[in-house]
Amino acid sequence: MRHYIHGFSNGHHWLSGRVLLLMAVSALPLTLAACSQSTTSVSDSEPVKVEQSATQNAQVQNESSAPADAPAIDPSSLLKNVSATVYKDANCGCCKEWVGYAKDNGLSATAQDVADVSLFKDRYGVPQQMRSCHTTVTTDGFVFEGHVPAKHMAQFLENPPIQAIGLAVPSMPVGSPGMEYQDKFMPYKVMQLNKDGTTEVYAAIDSPQQQL
C-alpha cells in the first residue's frame, strides 16, 4: 500500500508538470501571432473594433465624471511637439503598428530599420530583462522600449523622474498598443528605467481602458 501511494504521488507531480508545460507552450503562439499581424490585416480585423469600443467606453466614463464645461481631450495632442526615432527590424509587423499608433497620438516619429536592434538597446542602456522588439529614443534622449502606451509616455515626459532614462514594456504583451489581437488582453507593467541600471514599476496595466 505504501508503494502504491508513493507511486501515485510521483505520477501526480509528473502529470501536473506536463499540464503546466502545455499551458506555457500554448500561450506562445498567441504572442507571436499578434506581433506577426500585417498593417492591412490588423486594420481590417476585429482588434480595431475592440480598441474603438474601449476608446468609446473611456470617453463615456470621462464625460460622466468630468464637468460639463471641461474641454474634450484630443488623443493626437498627447505627444504633440515630441520627436523621436524608432529603431526596429524591417519585418516587425507589431513595430509598424506601434509607430502608427504613436503618430496618431501626436508623436513625430521616424522609423529606422536596422539589422541588429540589440546594438541600439545596448547603446541606450536598456537592461536585458526589459527588452522588447523596438526601441524609441526622443530628441531629448529619453528611451521608450517596446509597446509603451502614449498616455504614460506623455506623463513621463511632462515630469521625468531625475533618476530615470525612460520607460519599458518588456516582451510583447498581447493587447498592448500595437499588439492588439482579437479580443485578447494580457495585464502587464510599464517599467521605469533608471540611470544606475535598476528598474521599478511605473504603472500597472490591468485592463485595456487603463492604456487610454
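The values are calculated or read from the model by the stated rules, or taken from the named source; none is laboratory data. Since we're looking at a predicted model, the values are computed, not measured. All Cβ positions, glycine included, derive from the backbone under ideal geometry; neighbour counts span all protein chains shown.
For Val137, the conditions (1) at pLDDT below 95; (2) under 15 Å from Thr85 (Cα atoms) are fulfilled apart from (1).
Take Ser132 and tell me if it is surrounded by fewer than 17 Cβ atoms within 10 Å (Cβ to Cβ) and among the polar types (S, T, N, Q). No, not satisfied.
I'm trying to understand the selection: among the residues of segment 163-197, which are closer than 14 Å to Phe144 by Cβ and among the β-branched types (Val, Ile, Thr)? If the condition is that a residue be closer than 14 Å to Phe144 by Cβ and among the β-branched types (Val, Ile, Thr), then Ile165, Val169, Val190 are the ones that fit. Among the residues of segment 174-193, those that are closer than 21 Å to Phe142 by Cβ and free of Cβ contacts under 8 Å to residues at least 60 places away in the same chain comprise Ser176, Tyr188, Lys189, Val190, Gln192. Counting only strands (runs of 3 or more DSSP E) that sit completely within segment 96-155, those holding 2 or more residues that are closer than 23 Å to Gly175 by Cα and of a type outside the set (Val, Ile, Thr) correspond to 108-113, 143-146. Each residue in segment 130-181 was checked for being within 18 Å of Asn105 (Cα to Cα), of a type in the set (S, T, N, Q) and out of contact with any helix residue (DSSP H, G or I) (no Cβ under 6 Å at 6 or more places or on another chain), and 5 pass. Selection of first residues in segment 111-126 that are surrounded by fewer than 15 Cβ atoms within 10 Å (Cβ to Cβ) and of second residues that are charged (D, E, K, R) and at pLDDT 95 or above, restricted to Cβ pairs under 7 Å at least 6 apart or on distinct chains, gives the following pairs, ordered by first then second residue: Asp113/Lys88; Asp113/Asp89. Every residue in segment 157-182 that is among the small types (Gly, Ala, Ser) and outside any loop (DSSP other than H, G, I, E, B), please. Matches in segment 157-182: Ala164, Gly166, Ala168. Scanning segment 147-165 for residues that are in contact with a strand residue (DSSP E or B) (Cβ under 6 Å, 6 or more places away or on another chain) and without any contact (Cβ under 8 Å) to a residue 40 or more places away in the chain yields Gln163, Ala164.
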